[in-house]
Amino acid sequence: MAFDYDDTNIFARILRGEIPNDTVAENDHALAFRDIAPKTPVHVLVIPKGAYVSFDDFAANASDAEIAGFMRLCAEVCAKEGVGLDGGNAGFRGITNAGPDGVQEVPHFHLHIMGGRPMGPMLNLRD
Ligand code: 5GP
């Protein structure tokens, strides 16, 4: 199997209810909760409930219903947190890290929705 999912990762444990989370929104296919170490005033993680390692795993292998559920929850979070462009808010940045080069810490696909302040340049590479 090309995408090797480790079900001991911290987000799998959150989904199983073994670890608490600060839920922002939820539907049948996805869960959104606040990052434990927020880097911006709004910092919400949106994760699918299915076992997908990364964005490319999810994009390739999730069902249409899972993809729709995930995307709709992202929209709900943007609106709820006051960063979505609907209503004239100032916007946000969506980030997903994948693998070692992407510096992905938790190997369960997640989208960071970050905002509440200007986000600065897209990348600030150290090396
Ligand atoms: P990554 O580097 O994988 O894209 O981001 C992982 C994110 O998960 C980090 O921003 C980190 O602060 C967050 N995180 C790690 N462990 C937990 C946890 O137990 N609960 C929550 N809510 N966030 C976590």
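General observations
- Phi-based couplings in Hz for segment 34-51 (Karplus 6.51, -1.76, 1.60; Gly and Pro marked x): 6, 5, 5, 10, x, 9, 9, x, 9, 8, 10, 9, 10, 10, x, 7, x, 8
- Length available on full extension from F3 to L125: 0.36 nm per residue minus the Cα-Cα distance, which gives 41.2 nm.
- Distance from segment 63-127 to segment 1-32 (C-alpha centre basis), Å: 16
- Cβ charges +1 (Lys, Arg) and -1 (Asp, Glu), total dipole of segment 1-118, debye: 480
- Distant-in-sequence amide H partners of D35 (H built 1.01 Å from N, under 5 Å): H43, V44, L45
- Heavy-atom accessible surface of the chain: percent carbon and sulfur, 1.4 Å: 54
- Over the chain: helical MRE at 222 nm, DSSP H runs n ≥ 4 each giving -39500 (n - 2.57), nearest 500: -7000 deg cm²/dmol
- Taking GluC sites (Glu not before Pro) in DSSP loop conformation with at most 11 other Cβ atoms inside 10 Å as exposed sites, the chain has its longest uninterrupted site-free stretch at 19-104.
- T8 accessible area, 1.4 Å probe, all protein chains in place, Å² to nearest 10: 90
- Ligands, DNA and RNA aside, L123 has an accessible area near 120 Å² when probed at 1.4 Å.
- Per residue, the accessible area of the chain comes to 62 Å² when a 1.4 Å probe rolls over the protein heavy atoms.
- Binning the alpha carbon pair distances of the chain at 10 angstrom intervals from zero yields the distribution 13, 43, 35, 9, 0, expressed in whole percent.
The values are calculated or read from the model by the stated rules, or taken from the named source; none is laboratory data. All of these numbers come straight from a predicted model, not from anything done at the bench. In this analysis, Cβ positions are derived from the backbone assuming ideal geometry, glycine residues included, and neighbour counts consider all displayed protein chains. Surface accessibility is based on the protein's heavy atoms, side chains included, excluding ligands, DNA and RNA. Shrake-Rupley method; radii C 1.70, N 1.55, O 1.52, S 1.80 Å.
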